[in-house]
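Since the structure comes first, as structure tokens, the remarks are kept for the end.
The values are calculated or read from the model by the stated rules, or taken from the named source; none is laboratory data. Quantities reported herein were computed from a predicted structural model and do not represent experimental measurements. FYI the Cβ positions are ideal-geometry reconstructions off the backbone, even for glycines, and counts take in every protein chain you see.
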Amino acid sequence: MEEKSEERKGRRVVSSAFQPAAAPPEGGTQPGARGTRGKKGLASIAQSDTFSFMDAVGGWRGIFEAVGPSAIFLILFICTHKLSIAVVCSIGISLFFIAWRFIMREKMRSAIIGLILSAIYLGAAAVSHSARNYYLPAFILDFCAVVIFLITLLCRFPILGILVEFFHTPPKNGLRAWARKWNGDKFLHKAYMKATWVWVALFSIRLVIEVPFYFADNVDVLGTLHLVLGIPLYAVTVWACWMIISPQIKRVDRLRKYGG
């Protein structure tokens, strides 16, 4: 019993040690409120004994920051059919999130990234004078992700393994030795391959379902699908990766702990 307790304690320490490096807390940490829930990186999620959908998406704050600009854009465009109003209000909500974090002295990284993405999406729509082009950058990003992920799978060097292991076991003796260590573990490598395929499926599903409505210039349906296939599908994908990777991460941690 004492041995198991020590093992669980060790996991919590390792998990919290890698969490900031993997991804800064989405909800930030207010002074005197260290328990604020934040978005966790894949490495810390993989090491967790239980999975939390809210932690994966950064809590309610993370959901609002991810969905807010797109939802405002879609609602206002449907109601007014004026692209300029939708663009201005959408960028306004992104600026509001940044201002709120600044006032509350919270970490602003995720809000700034959200503002940059919103600016790219809104810029594409404004320059082309077409609301449907708001979603074009997302299609390009998803397509590029599919290509990159597939290349790593064909090379038998899954990108999920690179992303998770870089924070789970940071390279200390050179990148080659580091890569051989985790990629040479048959079961761990297989898990990373499967998890990478899950992400390929995520990006592919978005493209297959949304792109036809883009070419049909049906912004109402396209925007709705973009929201539905955003945070909810992302959370399910992270959960599936946790189910695949977590057992192998914990197995490797046990082997290292006991010198196996």
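Residues of the range 212-237 being in a loop (DSSP other than H, G, I, E, B) and within 20 Å of the chain's Cα centre (by Cα), which ones?
Hits for the range 212-237 are 229, 230.
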Check your understanding: Say we look at the range 192-204 and pick out the residues that are touching a Cys at 6+ places or on another chain (Cβ under 9 Å) and among the aliphatic types (A, V, I, L, M); which of these is surrounded by the fewest Cβ atoms within 10 Å (Cβ to Cβ)?
Key -> 198
Practice item. Would you check if there is a residue in the range 165-187 being hydrophobic (A, V, I, L, M, F, W, C) and closer than 27 Å to residue 228 by Cα? Key: no
Practice item. Write out, first by first residue and then by second, each pair whose Cβ atoms fall under 8 Å of each other, whose residues are 6+ apart or on separate chains, and whose first residue, in the range 51-65, is in contact (Cβ under 8 Å) with a residue 40 or more places away in the chain and among the charged types (D, E, K, R) while the second is buried (at least 19 other Cβ atoms within 10 Å of the Cβ) and in a loop (DSSP other than H, G, I, E, B). Key: 65/26; 65/58
Practice item. Inspect the range 150-159 for any residue being within 30 Å of residue 91 (Cα to Cα), under 23 Å from the mean Cα position of the chain (by Cα) and either surrounded by 17 or more Cβ atoms within 10 Å (Cβ to Cβ) or of a type in the set (D, E, K, R) (or both) and give the result as yes or no. Key: no
Point to revise | Filter result for the condition that a residue is part of a helix (DSSP H, G or I), farther than 29 Å from residue 49 by Cα and not polar (S, T, N, Q), over 249, 209, 245, 162 | key: 209
Practice item. For residue 73, indicate whether it is in contact with a Cys (Cβ under 9 Å, 6 or more places away or on another chain) and in contact (Cβ under 8 Å) with a residue 12 or more places away in the chain. Key: yes
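Of everything in the range 167-181, what is in contact with a Phe, Trp or Tyr (Cβ under 9 Å, 6 or more places away or on another chain), part of a helix (DSSP H, G or I) and either of a type outside the set (Phe, Trp, Tyr) or without any contact (Cβ under 8 Å) to a residue 60 or more places away in the chain (or both)? Give them in sequence order.
Selection gives 168, 178, 179.
Matching residues to (1) at pLDDT below 80; (2) of a type in the set (A, V, I, L, M, F, W, C):
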{"residue": "84", "(1), (2)": "no, no"}
{"residue": "95", "(1), (2)": "no, yes"}
{"residue": "106", "(1), (2)": "yes, no"}
{"residue": "113", "(1), (2)": "no, yes"}
**Study point:** Selected residue (criterion: surrounded by the fewest Cβ atoms within 10 Å (Cβ to Cβ)) from residues of the range 205-219 that are under 24 Å from residue 62 (Cα atoms) and touching a helix residue (DSSP H, G or I) at 6+ places or on another chain (Cβ under 6 Å)
**Key:** 207
**Study point:** Residue in the range 189-199 that is more than 30 Å from residue 255 (Cα to Cα) and either in contact with a Phe, Trp or Tyr (Cβ under 6 Å, 6 or more places away or on another chain) or not small (Gly, Ala, Ser) (or both) present
**Key:** no
Revision key, fill the gap. Conditions (1) small (Gly, Ala, Ser); (2) surrounded by fewer than 19 Cβ atoms within 10 Å (Cβ to Cβ); (3) free of Cβ contacts under 8 Å to residues at least 40 places away in the same chain -> residue 145 fails only (3)
Revision key, fill the gap. When residue 132 is run through (1) closer than 27 Å to residue 246 by Cβ; (2) in a helix (DSSP H, G or I); (3) of a type in the set (Lys, Arg), the failure sits at (1)
